[in-house]
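A.B. asks: Following this message is one structure expressed as structure tokens.
Taken together, the values in this text are just the output of simple stated rules run on the coordinates, not laboratory data. Values in this document were obtained by computation on a predicted structure and should not be read as measured data. FYI the Cβ positions are ideal-geometry reconstructions off the backbone, even for glycines, and counts take in every protein chain you see.
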Amino acid sequence: MATRAYWQGQIRLALVSIPVEIYSATRSGASISFRQIHEPSGKPIRYEKVVPGVGPVDREEILKGYEVEKNSYVLLQEDEIESVKVESKRTLELVQFVDFDEIDVLYYEKPYFVVPADELAEEAYIVLRDALEAARKVGLGQLSVRGREHLVSLKPCGRGMVLETLRYGDEVRRAQTYFRSIGEDKPDKDLLSLAEELIDRKTAPFDAGEFHDRYAAALQELIDKKIKAKGKRVVEQVEEPAAGKGTNVIDLMAALKKSVDAEGKKGGPQKRSASGGRSARKAGNNGDRKSA
């Protein structure tokens, strides 16, 4: 494989060990980075390590400190920090299994492709993959990499399996803290029906290739224009659509009806299965059999 493995080791289920390699399933997008420039001289800004009242300091004089209280720190040497790092074990033990849809989306962090390390590992790999799929379960374990221990999940994905790093419980904020002020009133049935119809008309299979980073594209276009303008100022005025100010039910009803009518004229997404909306959407949720 062209890319370098993120982790190499074995997945262990009771007495069964499966040698595997793990590769990142994602890559950085077309982001545009900037440098800070001193305009009068045209030179890039540099950052120096400076201590107030002392001035610039050498890197060798810098330690890591944990603030116990304001302006009071416990200093740690690099070898002290290294001594408590979790050993980078080469075994991912599956210690628990949960239903496929039981893990809240807030816990998922980053996906990785899991592949058998060699032909000898393939049989056991396929058995585990198909067993997870048949049971509609996700395996859980903890993976030690580069001094950190990650909570991870393992699930089928087409002919292979995907491992996803998960956030620990104390890393996820409680939703009710943010949602408690939302009222419990049920919406008007007619409004709900119109909203459901609008959603149904705009429903189609997910295809990430249909979406593009419009901001990055516009920014690149601006940079290209700036290059052609030889440094002259280039500012394009973009008119934002006026937001509606109506907040009552009559305005919402009118807006929903207008939206449904507009979608009807456009025809809406045409990628839905011939078997019908709901059944097609239900099948689409079985992401474990997507082609990797």
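A.B. asks: Give me the net charge for the shell around residue 59: Cβ to Cβ below 11 angstrom, other residues only, Lys and Arg +1, Asp and Glu -1. Walk me through the numbers on the way to the answer.
C.D. replies: Numbers: positive: 49; negative: 48, 58, 60, 61.
In short, -3.
A.B. asks: I've got another one for you. May I ask for the distance between the Cα centers of the range 1-44 and the range 100-143, given as a whole number of Å?
C.D. replies: Between the Cα centre of the range 1-44 and that of the range 100-143, the gap is 20 Å.
A.B. asks: Right, next: Which of the lysines could a cross-linker bridge to residue 202, judged by Cα under 29 Å and excluding same-chain residues fewer than eight apart?
C.D. replies: Counting by Cα, and skipping residues close in sequence, residue 202 has these lysines nearby: 110, 186, 189, 245, 257, 258, 265, 266, 271, 282, 290.
A.B. asks: Quick one: grab the alpha carbon gyration tensor of the range 86-168, order the square roots of its eigenvalues as a ≥ b ≥ c, and give me rounded if a/c is under 1.5, else prolate or oblate depending on whether a/b is larger than b/c. Spell out each step's value before the answer.
C.D. replies: Numbers: a/c = 1.91, a/b = 1.12, b/c = 1.70.
Judged from the Cα gyration tensor, the range 86-168 comes out oblate (a/c at least 1.5, b/c at or above a/b).
A.B. asks: Can you work out ³J(HN,Hα) from phi for every residue in the range 217-222, in order, using Karplus 6.51 cos²θ - 1.76 cosθ + 1.60 and θ = phi - 60°, giving whole Hz and x for Gly and Pro?
C.D. replies: Couplings: 5, 5, 5, 5, 5, 5 Hz.
A.B. asks: Non-local amide H neighbours of residue 9 (under 5 Å, H modeled in plane, Pro and chain starts lacking H): which ones?
C.D. replies: 20
A.B. asks: Kirkwood hydrodynamic radius, the range 106-214, all distinct C-alpha pairs: what's the number in Å? Intermediate results must be reported in sequence, preceding the final value.
C.D. replies: On the way: mean 1/r = 0.0545 Å⁻¹.
With all distinct Cα pairs of the range 106-214 included, I get 18.3 Å.
A.B. asks: What FRET efficiency comes out for the pair residue 17/residue 96, r = Cβ-Cβ distance, R0 = 25 Å, nearest 0.05?
C.D. replies: Values: r = 18 Å, r/R0 = 0.72.
E(calc), rounded to 0.05, equals 0.90.
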